[in-house]
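Chemist: One structure, as structure tokens, below. Some questions next.
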Amino acid sequence: MTQENEKNIAVLTHASGILFGFVVPLVVYFVKTDGSEGFKASVKEALNFQLTILIASIALSAITFGLGGLLVWVVNIIFCIMAAMAISNGQDYKYPFSIKLIN
């Protein structure tokens, strides 16, 4: 896999969190095992963030009757766009908060 392909897949992996949550990062994590260390780190970062968003959405929705889930969804959109743009520009991106479930 070329470096350009890795970058494109990483951008799509981060951006897909807006619509598909953790599903696309999970699939890429298991399917694209032949990538560089930077690519693998980027996919793990996206997967960890989406799993954190899932946990936060469930917890806050239960506590606030759905309103907290809406706030988490907006935060997810913002950070997914920021991550996709950074990766697209060739920069590494670390989400400001994320539970490291996948090492």
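Just so it is clear, none of the values below were taken in a lab; they were calculated from the coordinates. As the structure is a prediction and not an experimental result, all values here were calculated from the model. Don't worry about glycine lacking a Cβ; one is built from the backbone with ideal geometry, like all the others, and counts go over all protein chains shown.
Chemist: Using θ = phi - 60° and the Karplus curve 6.51 cos²θ - 1.76 cosθ + 1.60, what whole-Hz ³J(HN,Hα) does each residue of the stretch 13-26 get, with Gly and Pro shown as x?
Modeler: Taking θ as phi minus 60°, the curve returns 5, 5, 5, 5, x, 5, 9, 10, x, 7, 5, 5, x, 5 Hz for the stretch 13-26.
Chemist: Provide V31, V75, V43 in ascending order of the number of other Cβ atoms located within 10 Å of each residue's Cβ, fewest first.
Modeler: Numbers: V31 10, V75 15, V43 27.
Ordered by Cβ neighbours within 10 Å, fewest first: V31, V75, V43.
Chemist: With +1 on each Lys and Arg Cβ and -1 on each Asp and Glu Cβ, and nothing else charged, work out how big the dipole of the chain is about its Cα centre, in Debye to the nearest 20. Can you show the working numbers first?
Modeler: On the way: 6 positive and 6 negative charges, 39 e Å.
Using Cβ point charges on Lys, Arg, Asp and Glu, the chain gives about 180 debye.
Chemist: Can you tally the net charge around T33? Count Lys and Arg as +1, Asp and Glu as -1, for every other residue whose Cβ sits under 14 Å from the Cβ of T33.
Modeler: On the way: positive: K32, K40, K44; negative: E6, D34, E37.
My count for the surroundings of T33 gives 0.
Chemist: Helix-only estimate, please: 222 nm mean residue ellipticity of the chain, summing -39500 (n - 2.57) across DSSP H runs of length 4 or more and dividing by its residues, to the nearest 500.
Modeler: Values: 5 runs with 76 residues, N = 103.
Rounded to the nearest 500, it is -24000 deg cm²/dmol.
Chemist: Rank I87, I63, I77 by mean-square fluctuation in a GNM of the chain with C-alpha springs under 10 angstrom and give only the top-ranked residue.
Modeler: Ranking I87, I63, I77 by mean-square fluctuation puts I63 first.
Chemist: I've got another one for you. For the chain, state the semi-axes of the equivalent ellipsoid (square roots of 5 times the eigenvalues of the alpha-carbon gyration tensor), sorted largest first and rounded to whole angstrom. Mind showing how you got there, number by number?
Modeler: Details: eigenvalues 128, 34, 21 Å².
Calculated on Cα positions only, the semi-axes equal 25, 13, 10 Å.
Chemist: Also, quick follow-up: For S42, S98, which order do you get if you count the other beta carbons within 10 Å of each Cβ and list the fewest first? List each step's numbers first, then the result.
Modeler: Values: S42 27, S98 18.
The most exposed by this proxy come first: S98, S42.
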